[in-house]
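Note sheet for the following structure.
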Ligand code: BES
Ligand code: ZN
């Protein structure tokens, strides 16, 4: 079994407390990408990262985009013949609301019971920061990295990475690399390190329904004028059939089934529906018939309402026939579904089922392609060795229901294979109140990163 070199291990132990302090300072910056009032905080979080990278010896630039800036750090002293590793992460975070449900404030990082609580602790500042510390471990102990390294951090992952693809296209020469590593996902269970073999893609739509030219008295007009809230409810109800399958014509046409051996691998993982029900506090699970829960989460596409708005929602009763209604609806996609084509199918379906008397608009807000890994080559072998060295056991191969839109772009535009090696845990409350990262996973993640660079450099060396 591979183990952690003594010099790196000693540095990690000696610097653990300082690393956590620095992470907490970064977490105090509320870099919420979805909210324009936080644009300056996003810029501050980018600057914080750039300063750290510069301090440990990287050449750093902050690249403006039409949205939030992209941070690029480069260390190329290993020379043109050495392999290059690109580390990708995001410094933006989801909105922290509802604030009242946090045990301690979202942007005041707090450690309780071995967990560091804060918005962005696990998604993704903590998981990006552990790489910065792993790089620092090499620089501080050996004065160099074993391979060339590019750190690429964006501030718009949580809003669909809308400006990153163009940046990759434009900077493809500068960003050329032999592999990409991303730590922005979860481990299967505590103590079980994991490598991801797939991510779902995404088509995110907004449906707006408009009826009368203003709100109406529901007694004077109700029964004769079509109600946009009811119309929207009807439209949404047509998205699934009664069994739980998606009923939009053509929706499954491009789904390529997962290979039998991948499904077999998933069935071997120790997973319990009861434990999931207990974790999220429900008494039954639901979904597409004919698939296990893990298959539903990792290998099948979905349609979910993310938000609904219409009419009077304040205290007490108000008799009103609302003029408008709105829903945010996202579709998780699997290979080979395509976000634009799915958006077109949904639009056509909604237009077909919308009742007369209202106008319906479907807007595609953002999309991302699904991804499935080859799981071969130096970066995957290096990842396995690094996780084994840090956690003392071989990683399992898992799938994932979430999306990281840019993963497919790295492969397509940079031609580089991607290793997804995450350190979050089930129940981590990503995107929810009381988000946390396990302090132990954070520190083991630093060690895994440090070993990864060594292992990758050795395995990818050009002969
Ligand atoms: N880190 C997540 C993606 C993720 C979640 C990977 C869980 C593995 C396990 C990422 O920050 C995220 O939330 N992505 C968004 C992307 C969307 C806005 C296109 C998602 O999945 O909702
Ligand atoms: Zn996220």
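Just so it is clear, none of the values below were taken in a lab; they were calculated from the coordinates. Please read these numbers as outputs of a predicted model, since none were measured by experiment. Cβ atoms come from the backbone with ideal geometry, glycine included; neighbour counts cover every protein chain shown.
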Over segment 66-196, relative contact order from alpha-carbon pairs under 8 Å, at least 6 apart, %
43
Looking at segment 121-164 from every direction and averaging, what is the projected area of its Cα convex hull in nm²?
3.8
Which whole-number value in Å³ per residue fits the convex hull of the alpha carbons of segment 332-463?
149
On alpha carbon coordinates alone, what is the Rg over Rh value for segment 242-355, Rh being the Kirkwood radius?
1.06
Sequence ranges 439-451, 197-209, ranked by mean other-Cβ count within 10 angstrom, highest first:
439-451, 197-209
If each residue of separation counts as 0.36 nm, what is the full-extension length gain between residue 174 and residue 139 once their alpha-carbon separation is subtracted?
10.4 nm
Inter-label distance, nm, simple model (7 Å from Cα along the C-beta direction), residue 213/residue 241:
4.4
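Taking 22 Å as R0, compute the FRET efficiency from the Cβ-Cβ separation of residue 37 and residue 166 and round it to 0.05.
Working from the Cβ atoms, E equals 0.30.
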What is the diffusion coefficient of segment 71-133 in µm²/s, taking the Kirkwood radius over Cα pairs and the Stokes-Einstein relation at 4 °C with a viscosity of 1.567 mPa s?
92
Relative contact order (percent, whole number), the chain, Cα cutoff 8 Å, 6+ residue spacing:
27
Starting from the Cα gyration tensor of segment 7-60, multiply each eigenvalue by 5, take the square root, and state the resulting semi-axes largest first in whole Å.
27, 14, 7
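Ranking 334, 353 by Cβ neighbours within 10 Å, fewest first, what do you get?
So the ranking, lowest neighbour count to highest, is 353, 334.
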Mind pulling the angle between the C-alpha long axis of helix 6-27 and the longest principal axis of the chain? Nearest 10 degrees, somewhere in 0 to 90.
30
Ignoring solvent entirely, what values of log10 I(q)/I(0) come out of the Debye formula for segment 60-218 at 0.18 Å⁻¹ when each Cα is a single scatterer?
-1.31
Estimated distance in nm for a label pair at residue 318 and residue 25, the labels positioned 7 Å out from Cα along Cα-to-Cβ
4.8
What translational diffusion coefficient, in µm²/s and rounded to a whole number, does the Stokes-Einstein relation yield for the chain at 25 °C and a viscosity of 0.890 mPa s, taking the hydrodynamic radius as the Kirkwood radius over Cα pairs?
104
With bins 5 Å wide starting at 0, give me the P(r) of segment 295-377 over every alpha carbon pair, in whole percents.
3, 11, 17, 18, 15, 12, 9, 7, 4, 2, 1, 1, 0
Students often check this: by mean Cβ neighbours within 10 Å, which of 216-227, 72-83 ranks highest, and how do the rest follow?
72-83, 216-227
List the relative contact order of segment 61-127 as a percent without decimals, with contacts defined as Cα pairs under 8 Å and 6+ residues apart.
25
When the Cα centres of segment 413-440 and segment 130-207 are compared, how far apart do they sit, in Å?
11
On the formula 1/(1 + (r/R0)^6), with r taken between the Cβ atoms of residue 440 and residue 364 and R0 of 35 Å, the FRET efficiency rounded to 0.05 is 0.30
Spread of Cα-to-Cα distances over 5 Å intervals beginning at zero, given as percent, for segment 366-411:
5, 17, 21, 21, 19, 11, 4, 1
Taking 7 Å along the Cα-to-C-beta vector as the label spot, tell me the residue 278-residue 462 distance in nanometres, rounded to one decimal.
5.4
Do the sum for the chain: with -39,500 (n - 2.57) for every DSSP H run of n ≥ 4, divided by all residues, what is the mean residue ellipticity at 222 nm, to the nearest 500 deg cm²/dmol?
-10500 deg cm²/dmol
Ranked from highest to lowest mean number of other Cβ atoms within 10 Å per residue, what is the order of the peptides 116-125, 272-281, 370-379?
116-125, 370-379, 272-281
Neighbour-count ranking [beta-carbon atoms within 10 angstrom, fewest first] of 271, 410
271, 410
Percent antiparallel among DSSP beta bridges with both residues in the chain, to the nearest 5?
70
Taking 1 over the mean of 1/r across every pair of different Cα atoms in segment 146-265, what Kirkwood radius in Å do you get?
20.7
Compute the length gained on full extension between residue 110 and residue 47: take 0.36 nm times their separation in residues and subtract their Cα-Cα distance, giving the result in nm to one decimal.
20.4 nm
Kirkwood Rh, Cα Rg: Rg to Rh for segment 116-208?
1.00
